[in-house]
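One structure below.
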Amino acid sequence: MNFKIILHESEEAKKINWHVNGEHSVMCLMPLSYSSIEEKNLEIDSNLIRRAGAEIHSFLLTLNKAYYKAHKFKTISIHYSDDSKYQNKRVLDNFVEGLTLANYTFYKHKTNISDESFKIKTSISDKVTSAAIKGTCIARDLINEPLSHLNAEQLSRTLGDLAKEAGFKLEVLNENKIKELKMGGVLSVNKGSIAKPTFNILTYKSKKTNRKNPVVLVGKGVMYDTGGLSLKPTPNSMDMMKCDMGGAASVIGAIYALALSKADCYVVGLIPAVENRPGGEAYVPGDVITMMSGTTVEVLNTDAEGRLILADALHYAKRYKPELVIDLATLTGAAARAIGKHGLVAMENHQKEIFTDFSTHMKSLLSSGNIVGERVVVQPFWDDYKDELISSVADVKNLGGAEAGHITAGKFLEYFVDYPWIHLDIAGVAFLQKNHLYNKQGGTGFAVRLLTHFLTQKS
Ligand code: BES
Ligand code: ZN
Ligand code: ZN
């Protein structure tokens, strides 16, 4: 049975309001006001509309629980009421976006429960938004897939399929090549694992672009993080550590979306993929490792592994003479404690001592974040934090002090960059313990929509 959602623009309604409208339908009032008829003057909070989509989705799931099989709603269609004045496409798109993201399920490993998601019959008119939603769901699938089904080599194989499907280029460097390149960070972190590491290079360059220098996206691909020999100390904190490749998943989802929608941009994705485990060969606290850049690092905690693999990838990025590099990583519990699940934490090397203005790139990223509802919170990046990383035996150590751990982690990465750079710590948002708005329990795919929007606005 089909369920109909009718959107009605209302200049009187103060907030989004919806009510049941017969047995198979709800009427959803959208508080709209236009200072002029042009779309750019439309005063509406897109994120509120996405949330309304998710709210009605949850109402429909509850309704379906009360119905017998034959009477359950299987499909949903969304329409404008005939007497709705403007019938703005963006409003409809935002609504379908919230509904579609809320409709995501990961039931692949269940053998006896049928999927309770709906078929949504109304499509999104904006092709980039539509591709970004697909990219988000791909990222969610990758995060939700456990290590038993997705190690580094399996990720590279999956990437091969995605590259063909969306139309981007993929190069996979195997362990031998990683050794040849002397990626000491990647190799050390993976030493405790039997599975092999990979280094994945994704390239998408649209035919029409005349850009010479790409934006490089670097994603932390720790397929599982036990902490290594500095085994994770907090009870149950390991349960969700399949999400430690959330940064990689966001990069993959975004490049997939850009390629699929044939967006006008030049973007390269770099994904070091490893496992962090204790084992006979595992790296130990006190080890000194030489990174691909030649910098030596004293490892004081094997659980601070993300920064080691990212450092090699950030160094590798230099060869592209990038216009900008953005790295994404589930890097620190400190980032999660600072902001929680409501936004992602950002730092940049632009004018880092003066924390009153941001780079043009960062301003544009902040604006994309507000538009797509994946908000970015900039943190200070003063050099004072760097002093905590001074090592007595090597150039730098991989551990800062007890405070502001997300910033000292960022400061560690700064050793390996020489270009405009933004660091995004997504530890608080990559994985949820329970459903929140249009994000479902498990992997969120956070930052796919942010990056896709940012990169398409830029060109
Ligand atoms: N993967 C974790 C960070 C993390 C925490 C991801 C929560 C997702 C949710 C990272 O590798 C880590 O263990 N970080 C340590 C660093 C510390 C040892 C300096 C942390 O934040 O405790
Ligand atoms: Zn760790
Ligand atoms: Zn980690």
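The values are calculated or read from the model by the stated rules, or taken from the named source; none is laboratory data. Just so we're clear, the structure is a prediction, and the values are computed from it rather than from any experiment. Reconstructed Cβ throughout: ideal geometry from the backbone, glycine too, with neighbour counts over all protein chains shown. Calculation scope for accessible area: heavy atoms of the full protein, side chains included, ligands and nucleic acids excluded. Shrake-Rupley method; radii C 1.70, N 1.55, O 1.52, S 1.80 Å.
(1) open to solvent by less than 30 Å² (accessible area, probe 1.4 Å); (2) in contact with a Lys or Arg (Cβ under 9 Å, 6 or more places away or on another chain); (3) of a type in the set (A, V, I, L, M, F, W, C): which one isn't true of Ile255, the others all being true?
All conditions are met except number (2).
Give the range 227-242 a look and list any residue that's crowded, with 24+ Cβ neighbours inside 10 Å and either outside any loop (DSSP other than H, G, I, E, B) or without any contact (Cβ under 8 Å) to a residue 60 or more places away in the chain (or both), or say none.
Scanning the range 227-242 gives a single hit, Lys242.
So which of Ala248, Ala257, Ala263 is under 26 Å from Val325 (Cβ atoms), away from ligand 3 (no atom under 13 Å from the Cβ) and not in a loop (DSSP other than H, G, I, E, B)?
Ala257
Inspect all residues belonging to the range 400-408 and state whether any of them is closer than 20 Å to Val251 by Cα, of a type in the set (S, T, N, Q), within 16 Å of ligand 1 (Cβ to nearest atom) and modelled with pLDDT of 95 or more.
No: the range 400-408 contains no residue that is closer than 20 Å to Val251 by Cα, of a type in the set (S, T, N, Q), within 16 Å of ligand 1 (Cβ to nearest atom) and modelled with pLDDT of 95 or more.
If you check Gly269, Gly247, which single one turns out to be within 15 Å of ligand 2 (Cβ to nearest atom), open to solvent by less than 10 Å² (accessible area, probe 1.4 Å) and within 18 Å of Ala139 (Cβ to Cβ)?
Only one candidate qualifies: Gly247.
Against the definition (outside any helix (DSSP H, G or I), within 16 Å of ligand 1 (Cβ to nearest atom) and open to solvent by less than 50 Å² (accessible area, probe 1.4 Å)), how does Leu424 come out, yes or no?
yes
Looking for whichever is crowded, with 21+ Cβ neighbours inside 10 Å, more than 18 Å from the chain's Cα centre (by Cα) and farther than 26 Å from Asp239 by Cβ here; the options are Leu450, Leu389. Which one fits?
The unique qualifying residue is Leu389.
Go through the range 216-245 and report how many residues are more than 14 Å from ligand 3 (Cβ to nearest atom) and within 16 Å of the chain's Cα centre (by Cα).
3
Can you give me the ranges of the strands (runs of 3 or more DSSP E) entirely in the range 1-120 with at least 3 residues that are crowded, with 17+ Cβ neighbours inside 10 Å and in contact with a strand residue (DSSP E or B) (Cβ under 6 Å, 6 or more places away or on another chain)?
Answer list for the range 1-120: 2-10, 25-31, 75-80.
Scan the range 138-154 for residues that are over 16 Å from the mean Cα position of the chain (by Cα) and under 18 Å from Phe199 (Cβ atoms) and jot them down.
Leu150, Asn151, Ala152, Glu153, Gln154
Tell me which residues, restricted to the range 301-319, are of a type in the set (Lys, Arg) and either at positive phi or away from ligand 2 (no atom under 16 Å from the Cβ) (or both).
Selection gives Lys318, Arg319.
Can you pull out every residue in the range 299-340 that is over 22 Å from Pro285 (Cα atoms), open to solvent by 20 Å² or more (accessible area, probe 1.4 Å) and within 14 Å of ligand 3 (Cβ to nearest atom)?
Ala336
This table checks each residue for (1) touching a Phe, Trp or Tyr at 6+ places or on another chain (Cβ under 8 Å); (2) over 16 Å from Asn144 (Cα atoms); (3) away from ligand 1 (no atom under 16 Å from the Cβ).
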position	(1), (2), (3)
Tyr204	yes, yes, yes
Lys208	no, yes, yes
Gly219	no, yes, no
Thr226	no, yes, no
Cys243	yes, no, no
Gly247	no, no, no
Ser250	yes, no, no
Gly253	no, no, yes
Tyr256	yes, yes, yes
